[in-house]
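First comes the structure, then the notes that go with it.
The values are calculated or read from the model by the stated rules, or taken from the named source; none is laboratory data. Computed from a predicted model, the values in this text were never measured in an experiment. Note: areas computed on protein heavy atoms with side chains; ligands, DNA, RNA excluded. Shrake-Rupley method; radii C 1.70, N 1.55, O 1.52, S 1.80 Å.
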Amino acid sequence: MSGAPIMDVPIDSEPIRIGQFLKLAGLAEDGGHARELLESGDVTLNGRPENRRGAQLKAGDVVAVAGHKVRPTIG
């Protein structure tokens, strides 16, 4: 997974909650799916496991789920 390209996902402002960002990036279908991903330990934030749905992201943070890496960018 370390070699996976990082996809930039534009956000309007920071911070953004990780659950909301997972939906915006297309990695979660809805809030319930985002919660399941986080609770199952399938999500990392900057290389560390993240299970808090309300964790705050800022531009440049890297979120990884199932081999997909995404990064919020202001834009």
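Here the accessible area is traced with a 1.4 Å probe on the protein chains. For the chain, carbon and sulfur cover 46 percent of it. Looking at the chain alone, DSSP beta bridges between its own residues are antiparallel in about 60 percent of cases. Working note: 222 nm ellipticity from helices only, DSSP H runs with n ≥ 4, each -39,500 (n - 2.57), summed and divided by the residues of the chain, gives -5500 deg cm²/dmol to the nearest 500. Amide H to amide H, with H built 1.01 Å from N, residue 9 comes under 5 Å of 71, 73, counting only residues 5 or more places away or on other chains.
Tell me the per residue accessible area of the chain using a 1.4 Å probe; a whole number in Å² is fine.
Per residue, the chain has 60 Å² of solvent-accessible surface.
Remark on the chain: Rg and Dmax equal 10.9, 31 Å (Cα only). One chain, two ends: residue 12 and residue 66. Fully extended at 0.36 nm per residue, the span grows by 16.9 nm beyond their Cα-Cα distance.
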